[in-house]
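Down below is the structure, laid out as C-alpha cells.
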Amino acid sequence: MQKISIDPITRLEGHGRIDIFLNDEGDVANAYMVIPELRGFEKFAEGRLVEEMNDITPRICGVCPEAHHMAATKACDAVYHVDPPPTAKKLRELFYSAFYVADHTVHFYILAAPDFVLGPDAPPAQRNILGLIHKVGVETGTAVIQARGKAMDIVGALGGRKVHPTFGVPGGVAKKITEEERAQFEKTARELVDFALFSLQLFKDVVLKNKAYVDLILSEAFTMPTYYMGTVDANNKVNFYDGKVRVVGPDGKEFVKYSPNEYLEVVAERVEPWTYLKFPYLKKVGWKGLVAGKDSGVYQATPLSRLNAADGMATPRAQEAYEEFYATLGGKPVHHTLATHWARLIELLYAAERLLELSTDPEITNPHVRNLPTEKPTEGVGIVEAPRGTLTHHYVTDERGVVKKANLIVGTTNNYAPIAIAVRQAAQAVIKKGVITEGILNRVEMAFRSYDPCFGCATHTLTGQMPLEVRIFDANGVLKEVLERE
Amino acid sequence: MGQNGKLKLGLYWAASCGGCEIAVVELREKLLIVDQVADIVFWPVATDFKYKDVEAYPDGYMDVCFFNGAIRTSENEHLAHLLRKKSKILVAFGSCAYEGCIPGLANLFDRESIFRRVYLESESVDNPNKVVPQTTYQMPEGEIHIPKFYNTVKTLAQVTDVDYFLPGCPPQDPQIWAVIEAIVAGKLPPKGSVVGANEKTVCDECKHVREEKKIKKFYRYHEIIPDSTKCLFDQGIICAGPATRGGCGALCTKVDIPCRGCYGPPPNVCDQGASLLAAVASVVDADTEEDARRIVSEILDPVGTFYRFSLPASLLHRARLS
Amino acid sequence: MSGNGRFEPRIVAFLCNWCTYTAADTAGVSRMKQPPNVDIIRVMCTGRIDPVFVLKAFAEGADGVIVSGCHPPGDCHYNNGNYKTFRRMPLVEALLQQYGIEEGRFHWGWISGAEAPKWAELTREFTEQVRKLGPLNWKQQFASKED
Ligand code: SF4
Ligand code: SF4
Ligand code: SF4
Ligand code: FES
C-alpha cells in the first residue's frame, strides 16, 4: 500500500492535509481529509461571562469574525430573553450585509476568478490576483480592492476594529448612527450594488460564454447531490442574519425547517479518530459514512446550498439573477459545486441591495438601539448564515450569566463531510494504476475551492492557488517522489 | 537581502484565527508597495512555497519572518523552531504569538477536559463508542498521524528566541505599515522591543473624558447604557485601557465598548492582568472590608476579565494541572 | 522535604514594616515557637504590595503566601495603605481560585506590632495547613517538553 500526503493545504480555520492511500493496483483505496488542529473554544467558554462570548468566539476565525460575533450576540439575546429594538436589528443586519459584501468579494476575485478569468491552464505564475489585474486592467483591480475596503469601512465604523469588530450587545447594539454616517453608508451601498452587478456581468462574460467552462461546471466530477441547508425568512427567501433554517433534500423538496433552539433535533456530529474536526450530519437521515445522496445525512451549507434551500431572493435584482441561475443550469436544485461561485455573486448582489435598503430605511438613525435585559439568564441558541455555512452558537448559563456549557457548530465544519467526499472523488478520478499526474493538484484544489472558500482563505491572495504538495511514499514509508506545481 | 536589493519576507500562521492575515490584507493598495520592496519567500495562505522549500533555505535566509498564532500543537512548535533558524529577524506578530491571546484562555483547562467536552459531552455529538482523535491511528489502508495537542498554549517566545513583538488582535494596519517602513529603512529598535505600538496606555488615546473614579458598583456592559462622552470605567464598566499599551487608537471605546486589552501590557508592566486587577481595586469606593468584598464579588470571572489576551504570557501561565 | 521525609512547605510572607513585621520581630526576639518555613519580605506598607508580588511568589515556587499589615481603619502608617489591600486581596483570592490554587495557600489579614503571639500562632497554623495541602510545584507543570 502506498501513502500519499498533500501537506500542507491551507486553512480550515487553520490547517489541513490530505492523505491518499493506493492499493496494490495503484488505484486510490481511500483518501482522507485530515484537520490537524483544534483550539477548544467550547471548553474554555465555560466560566466566562456570557455577554463576552461575542468578543471571545470571533477568535475562532478572523476571516469571518462578524459571523461569530452575530451568532453569539443573538444567542445572548436568547439567554437573557431580551428582544432588541427594531432599529438595532436593522443595524446588525446592515453591519452584517457590509461584511458579506467584503467577504464574498474577496472570495470571488482573489480565489475563484483567477481560475476562470485566466483559465485553469494559464501558467500558475499568472494565475493570481496580480495576473488577474493585468488581464482585466488596473482600473478593475483597484475597483475590487476599493469595493472591499469601503465595505470593511462600514464594519469598522460600527464595530471599532475592522477585524474582530464589537458591535452587538445583548438586547441591541452598542452604537447608534448619525445622519451623516447613514448618508455615507448609503453612498457606499449604491456603489456596491453597481460593483455587484458588474461582477455578475463579468462572470457571465468570462465563464458562461465559454463552453469549456460551462462543460466543466456541469461535469460529473464536480457534481454531488446531497441535502442543502440555509436560513430563510418568513417568505422562504434567503436571509443571512435571521430566520429559520431550512433543509432541502437532493430532490429539492423541503426536508425540515427549524428554529435555532431546535437545532439538536436536526443536526448531530460524528467523531473520527484520525482528525480533530467533527463531521456534522442530519440526525434523522443518519451517519452513513462519507457518502453523498439521499440516504446519507451529509449536507452542504454553502452559497449554492442557500439558494437551493430557499425559494428566492428578497431583493429585486438578486431575484432576477436567481431566476436566471436556475433557468441556465436546468432548474432546482443545482448539484454542480462549481456553480457555487455564481451563487456567491448572486448573494453578493443581495447583500449590497440589502445594505442599500437598510441604509435608506427611515428608522435606521433612530437612537433607540438597546433594550436592557431584565430577565434571569438561562439558555439560548443563536444562528446566522456565515458565508461558509449555517453557524450555530448554544450557551447554557447559571443565574448570573456565567457560561456553564457552550456548543458551537461552525460554518465551515458543516461542509467537512462533503469536502472530504469531493477530495476522494477527485483523487479517484485522477489517480489510476499508480499514475499520479499533476492534474490531481488542480482537480483537488478546485474541488475545495468550490465547496469551501475558507480553505483558500480570504488572504489566499497573491498566487491564487493552494500550496499543494503530493508526497508519494512506497510501502516502507520511504519518500519516492514529490509532485508539486511549478 | 536578495541580489535585487529586495527584502526576503516570510509570513506564517501557527494556532491562529487568520485575522492577523486579514490585517495584512487591510493594507489594501499598500500591499502592492510591499510587493515592490520585498520578495515574499514563504506565506502559505498566499503563495506556493512549501515547508520543504523552507527547509531547503540556508539558515538565516529570510530577512524577516512575521509569525502569527500561538503554539498549541507539536506542529506549531516544530514550525516555530524551523522559522527561527531560517530567519534573521523573527517577529511575534499579533496577540496570539506575543502573549497567547483569547485562545490562550484554554490554559484554564487541560487537554483531557477539552477533548472530553468537544468529542464526548458536546450536546450535538453522537459518539457512543467514545472515539477521540489519536495522534497515530491505524486505518484499514495505513496509518494516519495528527500533531499532538498540548496541554498548554504557549507564546512564541516561550518556545524560541524572538526578536520583536508586534501587539494587537489583530495588529492595526497603520501600525503594521509603520513597522514595515521601519524594517525597510533599517530603523528597528533594539532586539526584544515591542514595535508597532505606543509607549503610553490606551487611555491616552481615548476620547472619553476621565474624572476621578469611585465605583460603588461595577456594571457588566449589557447592564448599562453608558454616557458616550465619559470614561466607561468611571461609569463602572471595567475597561482595560489603563492596563493596556496604546497603539490601536482606542478603537473599541470609540464605539462605546470597553477595551479588553488586546495590545498587551504597557511598557514596564510584566503581568497585564495583575496591573488591571490593581487598577480595578483602586477605584473601589469602600471603607470597610465587607463593602469591598461585596463590590468586588460582582466580578465573576477575574481571569477571563483581567487576562483576556494574556494568560499564557502571564506570571502563572495557566491554571494548575490536576 | 526534611530529613524525616515530612514535606516542608516554603512560605513567603509580605509584611508591612510598621505592624506585622514588628510583631514578627518581637516574636523572634522573644523566642516564640515558630516553624522555620516562613521567609519574610518586609515592605513599608501593605499598600505597596502589588498583586504581582503574590503571583510571582507562587510562580517562583512558594507553597503558601501571607500578606499582613496594620489593622484598618486607623492603624496604617500611611493612612489608607491597608484600604488598598482590602480592596485588592479579595480579587487576588478569586484569581488564585481560578488558577486552581487552594484557598488555604493564601492568607491575608492584620496583625499589629503588639500581637506577636498572634503572628507566631499564624505561622504555626498556616504552615500546618499548607503542609497538608502538599507541594504546589508551580514550575513543574511546564517541565515536560511535550506539553
Ligand atoms: S492575534 Fe487575534 S487576529 Fe491574530 S491570530 Fe490571534 S486571535 Fe487571530
Ligand atoms: S478607562 Fe477606558 S474609557 Fe476610560 S479613558 Fe481609559 S480607555 Fe477610555
Ligand atoms: S481598545 Fe483595547 S481591545 Fe480595543 S483594539 Fe484597542 S487595545 Fe485592543
Ligand atoms: S503601614 Fe502597615 S499597612 Fe500601611
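The values are calculated or read from the model by the stated rules, or taken from the named source; none is laboratory data. Worth saying up front: this structure is predicted, and the values here are computed from it rather than measured. Positions of Cβ are backbone-derived with ideal geometry, glycine not excepted, and every protein chain shown enters the neighbour counts. Side chains are part of the model used for accessible areas, which takes the heavy atoms of the whole protein and leaves out ligands, DNA and RNA. Shrake-Rupley method; radii C 1.70, N 1.55, O 1.52, S 1.80 Å.
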Please check: in the Gaussian network model of chain B (C-alpha springs, under 10 Å), which one of B:227, B:204, B:163 has the largest mean-square fluctuation.
B:227
Amide H to amide H under 5 Å from residue C:108: which residues, 5+ apart in sequence or cross-chain, H placed 1.01 Å off N in plane?
C:67
Calculate the length of the line joining the C-alpha centroid of the stretch B:226-292 to that of the stretch C:117-138, in whole Å.
35 Å
Pair residue C:140, residue B:148: separation of 7 Å Cα→Cβ label points (nm)
1.9 nm
Highest mean packing first, using Cβ neighbours within 10 angstrom, the peptides A:248-255, C:132-139 sort as A:248-255, C:132-139
Taking the Cα centre of the stretch B:202-306 as origin and charging only Cβ (+1 Lys, Arg; -1 Asp, Glu), how large is the dipole, in debye to the nearest 20?
300 debye
So if R0 is 25 Å, what FRET efficiency would residue C:4 and residue C:118 give, r being the distance between their Cβ atoms, rounded to the nearest 0.05?
0.30
Rank B:87, B:310, B:228 by mean-square fluctuation in a GNM of chain B with C-alpha springs under 10 angstrom and give only the top-ranked residue.
B:228
With a 1.4 Å probe on protein heavy atoms only, work out how much accessible surface B and A bury together, total over both chains, in Å² to the nearest 100.
8300 Å²
In deg cm²/dmol, rounded to the nearest 500, the helical mean residue ellipticity at 222 nm of the protein assembly as shown, built from -39500 (n - 2.57) for every DSSP H run of length 4 or more, is -10500 deg cm²/dmol
Amide hydrogen neighbours beyond the local backbone of residue B:40, cut-off 5 Å, H modeled:
B:9
Which of C:113, C:61, C:28 ends up with the largest GNM mean-square fluctuation for chain C, with Cα atoms connected below 10 Å?
C:28
Given charges of +1 on the Cβ of Lys and Arg and -1 on the Cβ of Asp and Glu, with all other atoms neutral, how large is the dipole of the protein assembly as shown about its Cα centre, in debye to the nearest 20?
1040 debye
With the 1.4 Å probe rolled over protein heavy atoms, the stretch B:109-150 has an accessible area per residue in Å² of 48 Å²
Which residues qualify? For residue A:371, with a placed amide H closer than 5 Å and at least 5 residues away or on another chain, they are A:172
Relative contact order, percent, of chain C when contacts are C-alpha pairs under 8 Å separated by at least 6 residues?
34 percent
List, in order, the whole-Hz ³J(HN,Hα) value for each residue of the stretch A:53-59 obtained from phi through the Karplus relation with A = 6.51, B = -1.76, C = 1.60 and θ = phi - 60°; use x for Gly and Pro.
4, 7, 9, 7, 5, x, 6
Dipole of the protein assembly as shown, positive direction: furthest Cα of A:113, A:255, B:91, with charges on the beta-carbon:
B:91
Given a Förster distance of 35 Å, the FRET efficiency implied by the Cβ-Cβ spacing of residue A:139 and residue A:323, rounded to the nearest 0.05, works out to 0.70
Share antiparallel - DSSP beta bridges, the protein assembly as shown, percent rounded to 5
60 percent
Any idea how far the Cα center of the stretch B:162-195 sits from the one of the stretch A:189-221, in Å?
41 Å
Hey, how many Å between the Cα centroid of the stretch A:243-300 and the Cα centroid of the stretch C:1-43?
64 Å
Sites residue A:368 and residue B:229, calculated FRET efficiency, Cβ-Cβ separation with R0 22 Å, nearest 0.05
0.70
Placing +1 on the Cβ of each Lys and Arg and -1 on the Cβ of each Asp and Glu in the protein assembly as shown, which of A:345, C:107, A:202 has its Cα farthest towards the positive end of the resulting dipole?
C:107
Projected onto the charge dipole of the stretch B:109-150 (unit charges on the beta-carbon of Lys, Arg, Asp and Glu, signs +1, +1, -1, -1), the Cα from B:109, B:137, B:124 with the largest positive-side position is that of B:109
Would you list B:161, C:63 from the most to the least accessible area, probe 1.4 Å?
B:161, C:63
From the phi angles alone, apply the Karplus equation (6.51, -1.76, 1.60; θ = phi - 60°) to the stretch A:302-316 and give each ³J(HN,Hα) in whole Hz, x where the residue is Gly or Pro.
9, x, 4, 4, 5, 5, 5, 7, 9, 9, x, 10, 8, 10, x
Suppose every Lys and Arg Cβ carries +1 and every Asp and Glu Cβ carries -1, with no other charges. What dipole size does the stretch B:75-206 come out with about its Cα centre, to the nearest 20 debye?
480 debye
If you count only protein heavy atoms and use a 1.4 Å probe, how large is the accessible surface of residue B:308, to the nearest 10 Å²?
10 Å²
Karplus 3J(HN,Hα) series, Hz, for the stretch A:46-51 with 6.51 cos²θ - 1.76 cosθ + 1.60 (x for Gly, Pro)
5, x, 7, 6, 5, 6
